[in-house]
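Please treat every number below as a calculation from the coordinates, not as lab data. This is a predicted model, so every value here is computed, not measured. With ideal geometry, Cβ positions are generated from the backbone for all residues, glycine too; neighbour counts draw on all protein chains shown.
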Amino acid sequence: MNRYYLYLVFLNMIINVIIFVPKVLIQYRYEGSVMGVILAIPVGIALNYFYSTTITKFPQQGIPDLQKNKHSGLKRLYLLSIQLVWFSAGLLTLVGFIDILARFVNPEMPKLLLLAIYLSAIFLIIQMPTERVMYLLEIVLFCNTPLILFIIFKAYSNDLINWDSILEVGTHIFKWPNLKAFAAATYCFSGYANLIVFNRVIKGKLKAWNFIVIAFLGMGNAFTTFFIPIGFHGSDGAQEYLYPWVTTADSLRLVYSPIERVIFLFIMFFMSISLMSVAIHWHVALELIKGSFKKELTKRKIWLILGVFAGISIAGILYFNTILLLKFATFWLIIRLGSEVMLVIVFCFWARRRTV
């Protein structure tokens, strides 16, 4: 198995738990979320397979590297347009997690101060070479994943979980899937798209075991993200919370631990996970911007681009409240799904013509 490929997909699965996906799925729990989650598994695996096996035919090359000898206006437009998807993905995660920190950890701390702390770390990471970014991701996942999986295990084994509520929602399995719920469910498999740049660190072709592991991990992640909050708060009560999984973590206790309330551990672990998620997306966006120019960008121009990133982030913090951010994220998930499908189709077609 290629561990770097698994890291990219697994990171996207973990970050799904805390931000917007659970809220969207629970919102449409009676209107097709169950079927949406079920259909998202084969669709997500299919997109993973076709895109990943195609791009790994060009070992240790990202899209900017494959097109470095082409300097047409169409190439520049293509790279700049798709980088907007990656930048917006990181922006939503960043603004959403800062809202969580301000709401659950320190309501009196200014959000802009939290943003400044995060941006200082993110800008340091995204300017590093792609291989070093992957090494840092490996360290973060190695330190945090066992603890997060332990919290999920505690949730499944908790006596307070109501399996009848989960079964009640499960009875709506034959409802036609809602598009918003389906788009949210497929997002947990979308980490493979980061190979657009991170294929630089992938050596050799991906074997079938990679996709089998992703299938089981994705299935477990999707149903855990959706059903655990319902089991703790009821089929109707789970709808009342803006961040269902954060509230669920606050329902858990570690009686013999130095820190009894799980919510503090939960948020602390996700601080580094969310940081790396934003850094991965913005590193891809920055590399796509670099690849759209003929000459290598100077340090001054790179910092100018980072200044634009910071300015848009500040505007997002000032403009979006929690409700507006959720609405925007819901429609973004639909746009992301369409863009992702088009990316896979166009790239597979282009790669086939190039290799023939």
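Overview of values
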{"quantity": "Approximate spin-label separation Lys207-Asp159, in nm, with each point projected 7 Å along Cα-to-Cβ", "calculated": "4.6"}
{"quantity": "Choice from Ile335, Ile122, Ile41 with maximal GNM fluctuation in the chain (Cα, 10 Å cutoff)", "calculated": "Ile335"}
{"quantity": "Hz values of 3J(HN,Hα) by residue in region 208-213 - Karplus curve (6.51, -1.76, 1.60), Gly and Pro given as x", "calculated": "4, 4, 4, 6, 5, 4"}
{"quantity": "GNM flexibility winner over the chain from Leu326, Leu149, Leu206 (Cα, springs under 10 Å)", "calculated": "Leu149"}
{"quantity": "Cα-derived Rg to Rh of region 147-277, Kirkwood definition", "calculated": "1.01"}
{"quantity": "Fully extended contour minus Cα-Cα distance, from Ile139 to Ile38, at 0.36 nm per residue", "calculated": "33.2 nm"}
{"quantity": "Helix-only mean residue ellipticity at 222 nm for the chain, each DSSP H run of n ≥ 4 adding -39500 (n - 2.57), per residue, nearest 500", "calculated": "-24500 deg cm²/dmol"}
{"quantity": "Contact order relative to length of region 3-355, as percent, for alpha carbon pairs under 8 angstrom and 6 or more apart", "calculated": "41"}
{"quantity": "Likely footprinting exposure, Cys188, Cys143, Cys348, fewest C-beta neighbours within 10 Å first", "calculated": "Cys143, Cys348, Cys188"}
{"quantity": "Restraint check, Lys154/Lys175; Lys23/Lys327; Lys57/Lys290; Lys57/Lys207; Lys203/Lys294, Cα-Cα greater than 19 Å", "calculated": "Lys154/Lys175; Lys57/Lys290; Lys203/Lys294"}
{"quantity": "Two-decimal ratio, the chain, of alpha-carbon radius of gyration to 2.2 N^0.38 Å", "calculated": "0.98"}
{"quantity": "Computed E for Gln60/Ala116 - FRET, C-beta separation, R0 35 angstrom, nearest 0.05", "calculated": "0.45"}
{"quantity": "Efficiency of FRET between Glu131 and Ile345 - r from beta-carbon atoms, R0 30 angstrom, step 0.05", "calculated": "0.55"}
{"quantity": "Ranked Glu131, Glu31, Glu296, Glu108, criterion: other C-beta atoms within 10 Å, fewest first", "calculated": "Glu108, Glu296, Glu131, Glu31"}
{"quantity": "Exposure proxy order (Cβ contacts within 10 Å, fewest to most) of Trp86, Trp176, Trp332", "calculated": "Trp176, Trp332, Trp86"}
{"quantity": "Region 51-66 - phi-based ³J(HN,Hα) in whole Hz, Karplus 6.51/-1.76/1.60, Gly and Pro as x", "calculated": "6, 5, 5, 6, 6, 6, 6, 10, x, 6, 9, x, 4, x, 6, 5"}
{"quantity": "Cβ-Cβ FRET estimate between Leu147 and Arg261, R0 fixed at 22 Å, reported to 0.05", "calculated": "0.90"}
{"quantity": "Region 14-52-region 105-127 distance, computed between alpha-carbon centres (Å)", "calculated": "29"}
{"quantity": "Added length on full extension, which subtracts the Cα-Cα distance from 0.36 nm per residue, Arg352 to Gln239", "calculated": "36.1 nm"}
{"quantity": "Inter-label distance, nm, simple model (7 Å from Cα along the C-beta direction), Arg103/Ile314", "calculated": "2.5"}
